[in-house]
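Report on the structure given below.
Just so it is clear, none of the values below were taken in a lab; they were calculated from the coordinates. Quick caveat: nothing in here was measured; it's all calculated off a predicted structure. Neighbour counts run over all protein chains shown; Cβ positions are idealised from the backbone, glycine included.
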Amino acid sequence: MPTIGILCGGGDAPGLNAVIRAVVKYGAGQLGWRLIGIQDSFNGLFEVPYRVMDLTPVACRGLLQRGGTILGTTNHGDPFNREGGHDKSAALVQGLDMLGIEGLIVIGGDGTMRISQQLIDLHGLKIVGVPKTIDNDLSATDVTFGFQSAVDCATDALDRLHTTAASHDRVLVLEVMGRDAGWIALHAGISGGADVVVIPEIPWEAARIVRKIEERRANGRPFSLIIVAEGAVPTGERVAPGKAGQRVVDAIEALLPASEVRLTVLGHLQRGGSPVAIDRLLATRLGVGAVDLVEAGRWGEMSCLKNGKVDGVRIKDAIQTYRRVDPEDELVRTARATGIEFGG
């Protein structure tokens, strides 16, 4: 029976523990594998003593609904150490050999998958990937686990802000995550009844946002809800400067100085807490799919959901395209049809 390592890379997301649980219950519980959990991404293998733990079905009890990851994760686990210039990938390979690990199941987003592909290319490692990101920006899978939990969190925040905005006749701005993709803002904006949705794919103009606020006031609605993706930029700018929500607030106040405009940055609340049911289900399916790929010897592939079915796609192909919102997407059209302004 093989000895397989499993690790998480990049930021955390609701559903990581559900993937680990599925891999262990199937791989160790049904197939008899030995599974070794590697802590803190690839960092657990860089030096002795290695930071690892045996994963058994007993050790994974209660993980399905638990947020975070029992293995730990980090954005600073690159064995090629592009920031410091010191390549630790050879030490990583040595660690795998010392522990008798024959292959890896790596759970992560596009950055972690790029590292995995580089390890495959340079060292011939046997790796199977599982896609993870709340941003939903991996094109090789229909959806990523953690995304819906983040959307639900943002939608709940809009629901709560709605009552305050209506009570005080204020303009309330909610900034959400998503990096350079506006999926969280778009889904939550529609679900939470936002009046304006500002996303990176549609550069915004302050005058259009203000016009929407004034139209609502003229129609007896003296308050407005605006959701802003963290990577959104004004028209004419190419690089996201950060503080996207504050920039929208400043622009509104410059044109409507008498308005009360308040900003809420949702931040890491979107990553924390228990995964919603659909993310638990998806994470479990992708975890089982990863075990199936290992059993079939389909190394170098990533489990994915395509057309409602779990299958595999080459990691090399999965990282080729970064999925962003198409301004002509049906969801954008739906939003516009229900009166949502995009500011551009």
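Here are some notes:
- Amide N of the range 110-149 lying under 17 Å from the label point, which is placed 7 angstrom from the Cα of ASP317 along Cα→Cβ: 114, 117, 128-131, 138-143
- Computing FRET efficiency as 1/(1 + (r/R0)^6) for ARG221 and ARG336, where r is the C-beta to C-beta distance and R0 is 22 Å, gives about 0.75.
- With 0.36 nm allotted per residue and the present C-alpha distance subtracted, the THR163-ASN81 stretch has 24.8 nm of extension available.
- Restricting the trypsin sites (Lys or Arg not before Pro) of the range 154-263 to loop positions (DSSP other than H, G, I, E, B) with no more than 15 neighbouring Cβ atoms within 10 Å leaves ARG238, LYS243.
- Ratio Rg/Rh, restricted to the range 1-136 and using Cα atoms, in which Rh is the Kirkwood radius: 0.94
- Gyration tensor (alpha-carbon) shape descriptor, the chain, a/c threshold 1.5: prolate
- Proximal lysines to LYS316, defined as alpha-carbon separation beneath 21 angstrom and excluding residues fewer than eight positions away on the same chain: LYS126, LYS132, LYS306
- Residues listed by number, the range 238-280, amide nitrogen under 16 Å from GLN65 label point at 7 Å toward C-beta: 273-280
- Long-range Cα-Cα pairs in the range 1-60 (distance over 19 Å), rounded percent: 30 percent
- For the range 100-131 versus the range 284-344, the gap between their alpha-carbon centres in whole angstrom: 18 Å
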